[in-house]
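Worksheet: the structure to be examined is printed underneath.
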Amino acid sequence: MSIILDHVNYIYEEDTTMAYPALTDVNLVIPDGQFIGLIGHTGSGKSTLVQHLNGLLKPTSGAIYYNGADINDEGYDKKLLRSKVGLVFQYPEHQLFEVDVFSDVCFGPKNLGLDKKEIQLRAYAALKQVGIADEYFYQSPFDLSGGQKRRVAIAGVLAMKPEVLILDEPTAGLDPKGRDEILDQIAKLREETGMTVILVSHSMEDVAKYVDRLIVMNKSRVVFDDTPAAVFAHYEELEQIGLAAPQITYIMQALREKGLSVDTGITTVTEAKEAILKALRG
Amino acid sequence: MGIIKTKDLIFEYIRRDEEGNVEGITRAVDNVSLKIEQGDFVAVLGHNGSGKSTLAKHLNAILYPTEGTVWVDGKDTSDDDKLWEIRQTAGMVFQNPDNQIIGQVVEEDVGFGPENLGVPTKEIWERVEESLKAVGMYEFRKHSPNKLSGGQKQRVSIAGVIAMHPKCIVLDEPTAMLDPKGRKEVIRAVRALNDVERITVILITHYMEEIIYADKVFVMDNGTVAMEGTPREIFSQVEKLKELRLDVPQVTLLAHELKQGGLDLPDGILTKEELVDALMKLKK
């Protein structure tokens with residue numbers, strides 16, 4: 001069970017003078033259960049790519065297979081696909097609209113045509129998964145804090161019981177604690193359910209801390225696809241395409257240049273602490 | 001007196017339900033008295049809902065105090081007759097670059113502000129040129145803003161503000177929606193304005209790395225100023241910042257962790273160079 005992208009190309013405004021490629025020859029295999037980070041500067045094609053994964057956009061050429069079936073075949077059930085591949089857009093709280101939190105989360109499963117009891121069970125489970133306490137269930141979603149609203153919006157997607165969860169910059173605009181809470185919750189959720197998570201992010205520090213595979217896009221192409229440590233080792237190339245390595249990696253590089261024997265592939269504070277203590281104490 | 005001064009500033013708003021009945025009163029800013037000197041680079045931190053944006057909106061008279069007073073360059077912001085002077089003195093840049101640009105061409109967009117001030121045409125063009133040069137966007141003056149990146153658009157927004165010759169510029173999370181390169185471009189432009197043009201900068205942000213060069217940091221919590229000091233003083237207090245839902249730059253966090261791990265390091269290390277130097281000293 002997996003998502004396979006086979007030579008996917010997408011051209012915006014094809015057949016006009018404005019035509020430009022948003023995806024060029026993208027080939028990816030996404031097996032079940034991976035935690036994937038997707039990075040790239042604004043306009044590199046990340047959002048276009050994730051919108052192909054649940055069939056919101058159709059490739060100009062090439063194919064996308066979900067669990068073996070071509071999602072753009074005639075008669076393929078896109079509605080079902082969208083419940084299996086859940087996409088949380090940027091600033092998802094702008095899409096909350098119901099009178100209370102619980103009804104808002106029920107909206108997705110209701111549209112799947114499930115019976116009332118199942119809908120409510122799912123909504124309840126989803127709200128618990130994102131850490132929203134019972135006392136908020138019957139409040140207006142608009143009275144919640146920014147971080148809470150965003151978690152309710154994520155619960156709305158989780159209530160569809162997706163196998164793949166795609167989050168487009170889920171922490172933009174949140175304070176540092178709110179950011180850590182959401183990402184910790186997502187990591188925990190993935191461990192518990194085994195779902196695939198794709199995290200689109202502008203924060204190198206966040207992807208270094210959470211994901212086990214990192215895909216980098218530049219000018220409509222996938223330019224790196226490896227573990228975070230292996231990708232960040234190319235920090236000079238990353239800088240040329242408007243990205244960077246996490247700050248920690250730069251510290252390790254500088255220490256190494258000065259003659260301290262530490263691994264320069266380190267990307268997180270915890271790893272760096274251990275390595276430095278070990279190097280200094282010999 | 002400083003360029004900006006607040007005394008016992010309180011801002012309250014009334015919450016209403018869907019029928020318009022009053023549900024309660026929220027005090028978003030609670031008794032804030034602060035002073036910002038001309039030419040300073042001031043950063044304001046605080047978690048979501050701490051009152052920092054509400055405070056910022058008082059600094060160019062988008063909001064007026066419920067109680068207390070705000071002076072901008074000596075002018076009381078609740079004085080209606082001074083409104084335009086105040087807005088010209090303290091310009092504001094917001095989070096979303098797409099909501100702030102109206103011109104079809106970059107240079108027209110930047111000229112919009114001075115034109116509204118009644119600046120003579122020739123001088124408008126001079127101001128447009130110097131403003132775009134100050135943020136490093138002069139070569140894009142004939143471009144359509146639609147084709148620019150987020151960081152470039154934000155720099156055009158900043159140019160639009162400085163073309164009005166403000167003494168002070170307030171930036172409310174200007175980098176929240178940008179990629180790493182865009183963030184760097186915007187912060188570099190802001191620092192240059194402060195260093196070279198001596199424009200007072202008030203930067204509100206959630207990115208701790210952006211404020212290590214600030215002269216002064218205010219940390220807001222619950223509508224009040226919970227901490228105040230230099231970046232080094234503020235970032236020395238890792239645990240307190242975490243209580244306030246904030247963070248420290250990764251460099252500072254690593255130094256803090258190493259210190260807890262038994263290394264003899266100074267508090268409040270802010271840059272990579274400082275940390276590397278301190279560690280190499282220990283090696284010897």
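The values are calculated or read from the model by the stated rules, or taken from the named source; none is laboratory data. From a predicted model like this one, the values you see are computed outputs, not experimental measurements. FYI the Cβ positions are ideal-geometry reconstructions off the backbone, even for glycines, and counts take in every protein chain you see. Note: accessible area is taken over every heavy atom of the protein model, side chains too, but ligands, DNA and RNA are not part of it. Shrake-Rupley method; radii C 1.70, N 1.55, O 1.52, S 1.80 Å.
Over the Cα atoms of chain A, what Rg and Dmax result, in angstrom?
20.4, 66
Summing Lys, Arg as +1 and Asp, Glu as -1, what charge do residues with Cβ under 12 Å from the Cβ of B:TYR138 carry, B:TYR138 excluded?
0
In region A:82-118, which residues have a backbone nitrogen under 13 Å from the label point lying 7 Å from A:ASN67's Cα in the Cα-to-Cβ direction?
Answer for region A:82-118: A:82-86.
Skip the ligands, DNA and RNA, and give the accessible area per residue of chain A with a 1.4 Å probe, whole Å².
That works out to 44 Å² for each residue.
Amide H to amide H, which residues 5 or more places from A:VAL223 or on other chains are under 5 Å from it, using H placed in the peptide plane?
The answer is A:VAL216, A:MET217, A:ASN218.
Using only the Cα atoms, work out Rg/Rh for region A:167-282, with Rh taken as the Kirkwood radius, to two decimals.
Using only Cα positions, Rg/Rh for region A:167-282 is 1.00.
Just to be sure I understand: if you take the accessible area of chain A alone plus chain B alone and subtract the pair, with a 1.4 Å probe, what total do you get in Å², rounded to 100?
3200 Å²
Please list, in chain and number order, the residues 5+ apart from B:ALA226 or on another chain whose amide H is under 5 Å from its amide H, with Hs placed from the backbone.
B:VAL219, B:MET220, B:ASP221
Cβ under 13 Å from A:GLN240's Cβ, A:GLN240 left aside: what net charge do those residues give with Lys, Arg +1 and Asp, Glu -1?
It works out to a net charge of -1.
Can you give me the accessible area per residue for region B:4-248, using a 1.4 Å probe, in Å²?
45 Å²
Using the reciprocal of the averaged 1/r over all distinct C-alpha pairs, how large is the Kirkwood radius of region B:107-239 in Å?
15.9 Å
Looking at this model, which pairs from A:LYS219/B:LYS184; B:LYS167/B:LYS272; B:LYS5/B:LYS57; A:LYS46/A:LYS209; B:LYS7/B:LYS57; A:LYS161/A:LYS188 are more than 25 angstrom apart at the alpha-carbon?
Check vs 25 Å cut-off fails for B:LYS167/B:LYS272.
Tell me, what % of the accessible area of region B:130-284 is carbon and sulfur with a 1.4 angstrom probe?
With neighbouring chains kept in place, the figure for region B:130-284 is 46 percent.
Per q in 0.18, 0.26, 0.33, 0.34 Å⁻¹, report the Debye log10 I(q)/I(0) for region B:84-129, using one uniform scatterer on each alpha carbon and no solvent.
-0.61, -1.08, -1.17, -1.18
Tell me, what HN-Hα J-couplings in whole Hz come from the Karplus equation 6.51 cos²θ - 1.76 cosθ + 1.60 at θ = phi - 60° for each residue of region B:78-83, using x for Gly and Pro?
7, 8, 3, 5, 9, 3
What list of ³J(HN,Hα) couplings, whole Hz, do you get for region A:183-193 from phi and the Karplus terms 6.51, -1.76, 1.60, once you set θ to phi - 60° and write x for glycine and proline?
Result, ordered by residue: 5, 4, 4, 5, 5, 5, 4, 5, 4, 6, 9 Hz.
Which of the pairs B:LYS82/B:LYS242; A:LYS177/B:LYS142; A:LYS177/B:LYS153 have their Cα atoms more than 32 Å apart in this structure?
B:LYS82/B:LYS242; A:LYS177/B:LYS142
Based on Cα positions only, what radius of gyration and what Dmax would you give for region B:45-138, in angstroms?
Over region B:45-138's Cα set, Rg and Dmax evaluate to 15.7, 45 Å.
Just to be sure I understand the curve: with the Debye formula and one point per C-alpha of the protein assembly as shown, what is log10 I(q)/I(0) at q = 0.07, 0.12 Å⁻¹?
At q = 0.07, 0.12 Å⁻¹ the computed log10 ratios are -0.46, -1.35.
Could you give each residue of region A:17-26 its phi-based ³J(HN,Hα) in whole Hz, using Karplus coefficients 6.51, -1.76, 1.60 with θ = phi - 60°, and x for Gly or Pro?
Along region A:17-26, the couplings run 6, 8, 3, 8, x, 9, 9, 10, 6, 8 Hz.
To check my understanding: the extent here is largest minus smallest coordinate of the Cα atoms along each principal axis. What are those three numbers for chain B, in Å, largest first?
Principal-axis extents of chain B (Cα, largest first): 64, 52, 41 Å.
So what's the angle, to the nearest 10 degrees on a 0 to 90 scale, between helix A:116-129 and the longest Cα principal axis of chain A?
20 degrees
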